[in-house]
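Note sheet for the following structure.
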Amino acid sequence: MKNKKLTDSVLERIEKEKIKPIKKDIFVLKNTALFVLCGISILIGGVGFAMNLTFLSRLDWSVITYVQGIMKFVLFTPPFLWLLLTVVSIFMMYIEFRKTKDGYRMENKHLIMIIAALVLISGVIGWGIENKYNITSYFTNVAAIRDATDPRYKIWSNPEDGLLAGEIKEVINDELLIVDLEGMDWEINIKDAFIAGKVVLQNDESIKIIGEKVSNSRFNASKILPWGQGKMRGMQENNSIYRNTK
Amino acid sequence: MTDIELVTASLKDKENFRHIVDKYQAPLLRYIKRILYLSINDAEDILQEAFITIYQNLNQYDGKFKLSSWVYRIAHNIAISHIRHNGKHLGISITTEELEKIQNEDTSLDIDLSNSEFVEKLTARLDHKYKEVILLRFFEDKSYTEISDILRISKGTVGSLINRGLSKLKKLLKDEK
């Protein structure tokens, strides 16, 4: 026998409190919003992974040994931060997807594999886009973004450690006049330098130099390398010679 | 009436919601009592809350699920919020005598208490996550798919929780003997 009292009290309460069923659109909207959040999480995770690939691909592994002490720590922090962003995004997407209508049905291992694959694929696509359009170079005036996306600016602004980079302003016999990434002028002695095959010693060419600092404006080069992928965008705009030649 | 017809009829006229309440009140009351170990009056209060929530969320139901799984899920959520609201799970600290008293209480509903009362009492001592799957599987006779839909966890997780829960239950049985 059913408890009619309970049935009646439920119906009475619905009547008395004028309780209405929530509109279907609200549920649809909530589910859609969760999928949108999943999409945003994939995008953020993809950006994190793409930035990590960008950073690591721009890292000059052969000169890492030149960088010492705290600088090494500063240099290697961004990849971990990008990795953290990627992992947090994967976690966020996991939570958001689980909250969707049928999200609980998928097994943990399958869901994590799918999310990770989506993030990795979007990251590789993002990295490809960055390689082609060099979007991060537009933000190099913002130190935090520059240091987090391109380690070259940190590495090659160390004349004390024998690492310098800049744009050639003039070539005079065995000397180059360059404006470095901080906008400082340098006279580079290239008499005994090895010049990498891809380097063309001409005005406006961006180069990296390994050597020895002689004074605050003189540097003896032992090796000259090309800047590599992406246009150099340092603080050269602060330099009057640089501005006049542009 | 099919599940979807019951829901559609209730959406058209709230009087038809009576059929859903009549159909599910006994199993849901039994489930709430088993999961929370409350007196009949307290369990009925929670059940009423569950039916109000079911009515409010009728538009969320779709025919993909069994209506029973969906109403169990809502009752389960209400029971969980009750546990959270009260700070701890009542079943964990209850004594065997108290448990027996509650279970022998005249409910005036046609509740079919499980024959394995002793095992049910031991189940009450399991962690909540194991207890809920064991109760649903062996006392409420729900399939893995239904348990998955009720608890919103994957079938694989249901399986592993049942296996681990049974191992713990066997250990408890051994200790009791």
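Numbers at a glance
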item	result
Enumeration of residues in segment B:2-44 that are more than 10 Å from chain A (Cβ to nearest Cβ) and charged (D, E, K, R)	B:Asp3, B:Glu5, B:Lys12, B:Asp13, B:Arg30, B:Lys33, B:Arg34, B:Asp42
Residue pairs meeting the criteria (Cβ under 7 Å; at least 6 apart or on separate chains; first surrounded by fewer than 20 Cβ atoms within 10 Å (Cβ to Cβ), in segment A:123-136; second not in a helix (DSSP H, G or I))	A:Asn131/A:Gln229; A:Asn134/A:Gly230; A:Asn134/A:Lys231
Pairs with Cβ under 8 Å, 6+ apart, first in segment B:141-152 and more than 13 Å from B:Ile74 (Cα to Cα), second small (Gly, Ala, Ser) and not in a helix (DSSP H, G or I)	B:Ser148/B:Ser154
Failed item, numbered, when A:Phe27 is tested on (1) more than 30 Å from A:Leu225 (Cα to Cα); (2) more than 8 Å from every other protein chain (Cβ to nearest Cβ); (3) within 44 Å of the chain's Cα centre (by Cα)	(2)
Of the criteria (1) of a type in the set (Val, Ile, Thr); (2) farther than 15 Å from A:Ile22 by Cα; (3) surrounded by fewer than 21 Cβ atoms within 10 Å (Cβ to Cβ), which one B:Ile32 fails	(3)
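Every number in this text was worked out from the coordinates using simple rules, so none of it is lab data. Please read these numbers as outputs of a predicted model, since none were measured by experiment. Cβ coordinates were reconstructed from backbone atoms using ideal geometry, including for glycine residues, and neighbour counts include every protein chain displayed.
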